[in-house]
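Here the structure comes first, spelled out in structure tokens, and everything after it is commentary.
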Amino acid sequence: MEEKKGQPNNPLHGVKLADILEFLVEKYGWKEMSLQVDINCFKKDPSIKSSLKFLRRTPWAREKVEYLYLQSI
């Protein structure tokens, strides 16, 4: 029997960044998120779309958002 490949021990495996953001916005709101992760896309005219664009090209910020998500679930 062949083992499934992937990342079975990674809690973020299969979780979309958009789903992470939506969860955090619902749980904390933009203001609290900007206090937890100090990035402008959470402070000035925040939206899921602009945050996704920034986080997809900024690995350090994405790591902080993923960490906040893991601490929140």
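The values are calculated or read from the model by the stated rules, or taken from the named source; none is laboratory data. Quantities reported herein were computed from a predicted structural model and do not represent experimental measurements. In this analysis, Cβ positions are derived from the backbone assuming ideal geometry, glycine residues included, and neighbour counts consider all displayed protein chains. Quick note on the areas: whole protein, heavy atoms, side chains included, nothing else; ligands and nucleic acids left out. Shrake-Rupley method; radii C 1.70, N 1.55, O 1.52, S 1.80 Å.
Quote the FRET efficiency, to the nearest 0.05, computed for residue 45 versus residue 73 with a Förster distance R0 of 35 Å and r equal to the Cβ-Cβ distance.
0.80
Given charges of +1 on the Cβ of Lys and Arg and -1 on the Cβ of Asp and Glu, with all other atoms neutral, how large is the dipole of region 3-71 about its Cα centre, in debye to the nearest 20?
Taking the Cα centre of region 3-71 as origin, the dipole is about 280 debye.
I'd like the carbon and sulfur percentage of the solvent accessible area for the chain, probe radius 1.4 Å, heavy atoms only, ligands and nucleic acids excluded.
49 percent
If I compute Cα extents along the principal axes in Å from the structure I just sent, which labelled value in [x] 63, 35, 15; [y] 34, 30, 22; [z] 52, 24, 18 lines up?
[z]
What helices in the chain pass both tests, a Cα length along the helix axis of 15 Å or more and a mean Kyte hydropathy of -1.0 or higher, using whole DSSP H runs?
Qualifying helices: 17-36, 59-72.
Find the accessible area per residue for the chain; the probe is 1.4 Å, ligands and nucleic acids are left out, and the unit is Å².
77 Å²
Quick check: residue separation of residue 27 and residue 53 times 0.36 nm, minus the Cα distance between them. What number comes out in nm?
Difference between extended and current length: 7.3 nm.
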